[in-house]
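First the structure, in the form of structure tokens, and then the observations on it.
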Amino acid sequence: MQHYTSDLLFPASQPRCVRQMAVGDGHILHVEECGPIDGVPVLFLHGGPGAGCMPEHRQLFDPAIFRVVMIDQRGAGRSLPSGELGANTTLDLVADLDYVREALGISGWIVFGGSWGSLLALAYAQIYPENVHGLVMHGIFLGSREEIVAYARGLGSMLPRLERGDPLAAFARIILSEHTERAAQAARVWLDYQRSLIGKEPLDAPPNAMQQARARIQMHYLTRDCFLMPGQLLAGIDRIRHLPAVIVQGLADPVCPPVAAEMLHRAWPEATWVPVASAGHDALSPAMARACIRALGWVTECVEG
């Protein structure tokens, strides 16, 4: 097994195979495979919810070693119908992941996810532990009401003057409404708010259809506590305690602060804890990428052991 010591991402690459897979309920998923068909299977879970996979994500994986399956989740990215909220819950997404696994003839895989992807990784592994060989998670998000409220705290000052109450609920009402122009305006404010948290400039144009879909899906999930029971993911750790796992956490992450990762590690002390000093949310930044790539190498060695 290769030892991962470089700060650099792997070279940009193209997917070996791209599919559109119908999974029921009218949803069609965009599925990419990268790397050799006989490589170590890895499921990559994107953030968001609703963000979709990006070409840069492929650069986290050695193209000579890993067979990486990248899925745009229901309504997200290039999956269709874009922004569709019907039959779109965490349980639906989990079922889709195992449908894709079976369809591709993969007996089990390492699950790699960050932010929303870490939540989905835990949810999937707890329902299908027999199909998961190990986990690499970064920027931990457990979907709790406390995390969601803290994330949306700065929205209040951006509300229209006539709106009252929970700022996230107020934005959701507008973004999910039938008033197309007003919904697009609110989606732009929401997306710019998110961008500001990670130090990005505001959008330089009105949100496109994919960006609006992302905002819709995020409101759909965040206002429903991500379709989880309180404490559900921590309560389910016993189902996956035996699996090799790494928790990579940027200690300066403004989107998913370390408190959730610390809670997860307290519940799951057997998991390897990798705090990354001064690192933020972006898994593609040098320090986080290095930690995630090394974590995947370690989990792979455990699996192949």
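The values are calculated or read from the model by the stated rules, or taken from the named source; none is laboratory data. Keep in mind that what you see is a predicted model, and the values were worked out from it rather than measured. Neighbour counts are summed over all protein chains in view; Cβ atoms, including those assigned to glycine, are modelled from backbone coordinates with ideal geometry.
Which number in (1) of a type in the set (A, V, I, L, M, F, W, C); (2) surrounded by 16 or more Cβ atoms within 10 Å (Cβ to Cβ); (3) out of contact with any helix residue (DSSP H, G or I) (no Cβ under 7 Å at 6 or more places or on another chain); (4) outside the structural domain of PRO269 (by TED's automatic domain parsing) marks the one condition that LEU168 misses?
(3)
Residues being more than 26 Å from ALA291 (Cβ to Cβ) and of a type in the set (Lys, Arg): count how many of those fall in the range 57-100.
Residues that pass the stated criteria total 2.
Quick check on ILE106: is it touching a Ser or Thr at 6+ places or on another chain (Cβ under 9 Å) and among the β-branched types (Val, Ile, Thr)?
On the way: touching a Ser or Thr at 6+ places or on another chain (Cβ under 9 Å): no; among the β-branched types (Val, Ile, Thr): yes.
So ILE106 fails the test.
Taking the range 1-46 only, how many residues are modelled with pLDDT of 95 or more and small (Gly, Ala, Ser)?
Residues meeting the conditions: 5.
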